[in-house]
Amino acid sequence: MSLPSPALAVPLKQSSLLELKARASVADHDRGSLTSGIVHIGVGGFNRSHLAVYLDDLLLTSSAAGHWGEFGIGLLPADLALHDALAEQDFLYGVLERDRDIENYRVIGSLTGHLYAPDAQQEVIDQLASPECKIISLTVTEGGYFLDDLSGEFRLAEEAIQRDLENSDAPATWVGYVAAAASARMRRGLPFTLLSCDNLQSNGEAARKALLSFAAARGGALHSWIAANVTFPNSMVDRITPRTSAADRDFIAKHFGVRDLAPVVTEPFRQWVLEDNFAAGRPAFEQAGVYMTSDVAPYEKTKMRLLNGGHFCIAYCSALLDIPTVAGAVADLQIREMLEQFLSKVRTTLRDLPGIDLDEYTATILRRFTNPAIGDQISRICSDGSAKITKFILPSLRDLLTAKAAANLVPLVVASWLHYQRGVTESGQVFAISDPGGFVLAPFLAAGGDDAALAFALRPIFGDMAQEFPLLVPAVQQHLDNFRISGVRATLAKALGSPGVSKRDRRSAQ
């Protein structure tokens, strides 16, 4: 069968769905009858590969799900281009699932509309305050909750927060928008659920802390009303969704004959564990494979320590070795051995859970990381390291040291992140570090970036770990010295007890 020319690709629109059914899996439900029971802030790639797909599954299986369409809100400058693309496509888009032998393209129809907030402030507030909206959901990244990394307190003095407090009818942050909508809902007696879909521990509690703190600063009865009428379920979300590239759009046009301006590329795997705590009703999420529970905490702990921690484990050595993708990293003998030893050690801090067997879960992580088709970029994994290390690495390290267990590879992982801050690969390539919270490392870097004691003195990241565990800093220092003096390969060889020869090196020697 010959492939269609990209130039002849059919534009993705509601009017073209009948024609596209011959080329792709197309949403086959009555979009015209959907109502926006969920309004989601931050309709980026992850939301469109996760929540929106679960909703689309429900719409395909049950006509009763029709009042659970999703309406999107974009707050950031980058969201304007996405808004324009979605609007041109009648708010349709495609999800391309990729694995070694899988390439499935599916059109998602659960998105009912989208607003770019800076151009439509009152419309956004009205949408969030609408009686048909029962759930306001969020994907605003780990750092988007304005919570101090060390104390957990809301950063009330943040410039954006102060601006929203002074301009409550013309907000810019999600907190300001939701508070404005909550004020309108309070007057109408409309409770709602604020559902965080971000990849951070106790995400519902983070959303609750942020919104209640902002409401208290606004004054009046809003704080008390939110506390009594809004629920904040915690959730654990998981689906690797790298940034979509122009090459991905070209691939869809060539192989499926669809001109999709806003596709999402992701892996086949997805997971969602969700606390059943909704103030105004919810979709039948369990019918779409969501695991509903009364306690998400042990599930998110498992995911963050093994999957997110595993990503962090391999990221910085891989970047320093000029390995661009996760699959490429795990194909490297040393990096894979590092990952396997890390997972083996960290899983001793966890226990099996209903629905999760740790042996199977760990094996699944390794399979997912080796997926060569997803092209997950090491640079993406390396970003926001100062926030990630506090959530994904240090809790495991603390538990191991408290139990007086050998921490094995975990101090090496910490040292690899510190060594990465130099911004130069083993081959001499200079790179930029993407880390909004990285300014906290300034004293460590100003002194040369080679003194682990200076790093551990940075309380926003390490707290009191240096005082609690006196042997920790010398262990990290030893690895840091080895990285600087001997390089990544030799340091890994010494730490892993391996000869330091990668699969790539072995192939080239044959």
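The values are calculated or read from the model by the stated rules, or taken from the named source; none is laboratory data. Keep in mind that this is a model prediction, so the values were computed, not measured. Cβ atoms come from the backbone with ideal geometry, glycine included; neighbour counts cover every protein chain shown. Quick note on the areas: whole protein, heavy atoms, side chains included, nothing else; ligands and nucleic acids left out. Shrake-Rupley method; radii C 1.70, N 1.55, O 1.52, S 1.80 Å.
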Quiz prompt | Two-site label geometry, Glu19 and Asn277: point separation in nm, points 7 Å out along Cα→Cβ | solution = 4.9
Quiz item: Size of the dipole of the chain about the Cα centre, Lys and Arg at +1 and Asp and Glu at -1 on the beta carbon, nothing else charged, in debye to 20?
Solution: 860
Quiz item: Between rounded, prolate and oblate, where does the range 102-219 land on the alpha carbon gyration tensor, with a ≥ b ≥ c its root eigenvalues, rounded for a/c under 1.5, else prolate if a/b exceeds b/c?
Solution: oblate
Quiz item: Which residue, chosen from Gly309, Asn371, Gly289, occupies the Cα position most advanced towards the positive end of the dipole of the range 262-371, where the dipole is computed from +1 (Lys, Arg) and -1 (Asp, Glu) charges on Cβ about the Cα centre?
Solution: Gly309
Quiz item: Toward the positive end of the charge dipole of the chain, about the Cα centre and with charges on Cβ (Lys, Arg +1; Asp, Glu -1), which of Leu358, Leu165, Pro131 goes farthest?
Solution: Leu358
Quiz item: Is the range 302-427 best put as rounded, prolate or oblate by its Cα gyration tensor, with a ≥ b ≥ c the root eigenvalues, rounded for a/c under 1.5, and otherwise prolate when a/b is larger than b/c, oblate when not?
Solution: oblate
Practice problem: With the full set of protein chains in place, find how many percent of the accessible area of the chain is carbon and sulfur; take the probe as 1.4 Å. | Solution: 52
Quiz item: Rank Lys388, Lys254 by accessible area, highest first, at a 1.4 Å probe radius?
Solution: Lys254, Lys388
Exercise. Please give the FRET efficiency for Val430 paired with Arg367, using the beta carbon to beta carbon distance and R0 = 30 Å, rounded to the nearest 0.05.
Key: 0.30
Quiz item: Which shape class, rounded, prolate or oblate, goes with the range 8-154 when its Cα gyration tensor gives a ≥ b ≥ c as root eigenvalues, a/c under 1.5 marks rounded, and past that a/b bigger than b/c marks prolate?
Solution: prolate
Practice problem: Could you work out how far apart the two model spin labels at Thr402 and Ser224 are, taking each label as a point 7 Å from the Cα in the direction of the beta carbon, and quote it in nm? | Solution: 3.8
Quiz item: Could you state the number of Å between the C-alpha centres of the range 467-485 and the range 295-353?
Solution: 21
Quiz item: What FRET efficiency, computed as 1/(1 + (r/R0)^6) with R0 = 35 Å and r the Cβ-Cβ distance, is obtained for Ala87 and Asp322, rounded to the nearest 0.05?
Solution: 0.30
Quiz item: Each label point is 7 Å from the Cα along the Cα-to-Cβ direction; what then is the distance between the points at Arg484 and Ile102, in nm?
Solution: 4.6
Quiz prompt | Asp238 long-range amide H proximity, modeled H, under 5 Å | solution = Gln271
Quiz prompt | Rounded D (µm²/s) - the chain, Kirkwood Rh over Cα pairs, Stokes-Einstein at 20 °C, 1.002 mPa s | solution = 88
Exercise. Tell me what the chain gives for mean residue ellipticity at 222 nm when only DSSP H runs of n ≥ 4 count, each as -39,500 (n - 2.57), the sum divided by the residue total, rounded to 500 deg cm²/dmol.
Key: -12500 deg cm²/dmol
Quiz item: In the range 1-159, what % of DSSP beta bridges are antiparallel (nearest 5)?
Solution: 35
Quiz item: What is the extension gain from Ala284 to Arg155, computed as 0.36 nm multiplied by their sequence separation minus the C-alpha to C-alpha distance, in nm to one decimal?
Solution: 42.9 nm
